[in-house]
Amino acid sequence: MTEGAANAPVIQSMYAATASDYEEIWAPLLRPYGLRLLDALPLADARTVLDLGCGVGRLLPDVAGRASGALVIGADLTEGMLRCADDRFARVLMDGTRLGFADGSFDAVVSAFVFFHFPDPIAAMTGVRRVLRPGGAFALAVWGTGEVFPAMEAWDEELDAMDVPPDPAEDGPGDGREIVDSPEKVRAGLLAAGFAEALSESAEWLRRWDLDAFLEWRLRLSPSRRRLARLDPGRREAVVAAARERVASMGPEALLHRDEVVLASARAPA
Ligand SMILES: C[S@@+](CC[C@H](N)C(=O)[O-])C[C@H]1O[C@@H](n2cnc3c(N)ncnc32)[C@H](O)[C@@H]1O
């Protein structure tokens, strides 16, 4: 068994501080991609299903709806996130890089927007294969590359120009984002982890924010929230006003947020 994720303390403090904001703002935006993962899993006959890195548990009712009669377990590293999840579901505080389940425990595992957090995502895929029964199914989503979002670039530029200190999370141990940021890398990783029938594809992330929703997001979640939290209240207000003005001056097209989501699925060897 491994030592666990080296970045675990950073992840826990990052998500614990914003769990209810995450639940309100971010989880609904990720859910459609989670549903696409569920489409790739044969859940109708499943008896045990794991949502690895379930966060606030937004996907758990969807899993249960498709795997009626199954034991559905949500596992996550961050207690504050798990506490937001519906307590009708089994919720387990656990590091996904050292899964404390017996070999062959699950018919299916789903993991939405988690594997880039693992410093060694391929080792974590090997762990998922271990806890799947032979022939069990796995589906995951991660971020790809090529984000285009002029408003966010301008916002960050303003913070830099006004000498707002960097996100303290940047000082911690790195994550594994670059190891799994394309369909090709994820598929190769799944095969290296011993999975069969690995499939992967790129899906579009396209969201048009309005200015107020964009500001809420920047102030309540994300690295910019942590950066701004390092300022005293007066300075923070001045920085936010300047950054807001800059984004507002750019017009609505700047608030069009494009990105890539990588969706993948695979089977444990029969
Ligand atoms: C972006 S959120 C995704 C949550 C949920 N799957 C969703 O789609 O809304 C990432 C989640 O991964 C969890 N996480 C990060 N590293 C982890 C680890 N080593 N073990 C278990 N969970 C982890 C975080 O606590 C957080 O809840």
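The values are calculated or read from the model by the stated rules, or taken from the named source; none is laboratory data. Small disclaimer: the values here were computed from a predicted structure and weren't measured. When we count neighbours, we look across all protein chains shown, and the Cβ atoms used for this are built from the backbone with ideal geometry, even at glycine. Heads up: the accessible areas ignore ligands, DNA and RNA and are worked out on the full protein's heavy atoms, side chains in. Shrake-Rupley method; radii C 1.70, N 1.55, O 1.52, S 1.80 Å.
Could you say which residue among 207, 230, 218 is of a type outside the set (Val, Ile, Thr), surrounded by fewer than 18 Cβ atoms within 10 Å (Cβ to Cβ) and either at pLDDT below 95 or part of a helix (DSSP H, G or I) (or both)?
Working: 207 fails: either at pLDDT below 95 or part of a helix (DSSP H, G or I) (or both); 218 fails: surrounded by fewer than 18 Cβ atoms within 10 Å (Cβ to Cβ).
Residue meeting the stated conditions: 230.
Restricting attention to region 57-81, the residues that are within 10 Å of the ligand (Cβ to nearest atom) and open to solvent by 10 Å² or more (accessible area, probe 1.4 Å) add up to 6.
Annotation note: of 237, 253, the sole residue that is under 24 Å from residue 29 (Cα atoms), at pLDDT 95 or above and exposed (fewer than 15 other Cβ atoms within 10 Å of the Cβ) is 253. Of all residues in region 118-137, those satisfying the criterion of being touching a residue at least 40 places away in the same chain (Cβ under 8 Å) and open to solvent by 30 Å² or more (accessible area, probe 1.4 Å) are 119, 120, 122, 123, 126, 129, 133, 134.
Residue 38 - would you say it is more than 30 Å from residue 168 (Cβ to Cβ) and in a helix (DSSP H, G or I)?
Details: more than 30 Å from residue 168 (Cβ to Cβ): yes; in a helix (DSSP H, G or I): yes.
When the stated conditions are applied, residue 38 passes them.
Residues of region 124-145 that are within 11 Å of the ligand (Cβ to nearest atom) and either more than 23 Å from residue 181 (Cβ to Cβ) or out of contact with any helix residue (DSSP H, G or I) (no Cβ under 9 Å at 6 or more places or on another chain) (or both): 127 alone.
Just one of the listed residues (47, 88) is at pLDDT 95 or above, surrounded by fewer than 14 Cβ atoms within 10 Å (Cβ to Cβ) and away from the ligand (no atom under 13 Å from the Cβ), and it is 47. Scanning region 169-185 for residues that are in a helix (DSSP H, G or I) and touching a helix residue (DSSP H, G or I) at 6+ places or on another chain (Cβ under 6 Å), we see that the one that is nearest to residue 195 (Cα to Cα) is 179.
Pairing residues of region 27-39 that are within 9 Å of the ligand (Cβ to nearest atom) with residues that are open to solvent by less than 70 Å² (accessible area, probe 1.4 Å) and in a helix (DSSP H, G or I), at Cβ distances under 8 Å and at least 6 apart in sequence or on separate chains, gives 31/62; 34/62. When every residue of region 240-259 is checked against the conditions, none turns out to be within 30 Å of residue 137 (Cα to Cα) and in contact with a helix residue (DSSP H, G or I) (Cβ under 8 Å, 6 or more places away or on another chain). Scanning region 151-182 for residues that are within 17 Å of the chain's Cα centre (by Cα) and either surrounded by 20 or more Cβ atoms within 10 Å (Cβ to Cβ) or under 20 Å from residue 97 (Cβ atoms) (or both) yields 169, 174, 175, 176, 177, 178, 179, 180, 181.
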